[in-house]
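Undergrad: One structure, as structure tokens, below. Some questions next.
Please treat every number below as a calculation from the coordinates, not as lab data. The structure displayed is predicted, hence computed values, not measured ones. Note that we place each Cβ from the backbone using ideal geometry, even for glycine, and neighbour counts take in every protein chain shown.
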Amino acid sequence: MADSRWTLVGDCIEGVSDLRIVEGGTDRIPDLKPLWRALYEHHRGIAEGVAGVRPFEDTWRQRQGQYRDWLDGDTDAVLLVAERDARAVDMVLDLGTR
């Protein structure tokens, strides 16, 4: 489904130009909490009535620990954060494993 905030203009997507992609470290982990909450809520919605769902704070504590371990560990992990108005709106964590 197309996002109504975006309009294709030539070969550019209008509305995406205000995004910035920045590399982050463990200092950016707190900024990822709202993104994790959105994914958690989505999973909770589809799992309802099918499987139990742990409390959000439990899952966030575990996930931020994983982020920290990956970013501080012996891997080539790279965190990229998409920002709009200095707020994280998406992220990707490449663990550098091939």
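Undergrad: Does Gly52 satisfy the condition of being assigned to a helix (DSSP H, G or I) and among the small types (Gly, Ala, Ser)?
TA: The answer is no for Gly52.
Undergrad: Suppose we filter segment 74-98 for residues that are farther than 14 Å from Leu32 by Cβ, assigned to a loop (DSSP other than H, G, I, E, B) and touching a residue at least 12 places away in the same chain (Cβ under 8 Å); how many remain?
TA: Going through segment 74-98 one residue at a time, the tally reaches 6.
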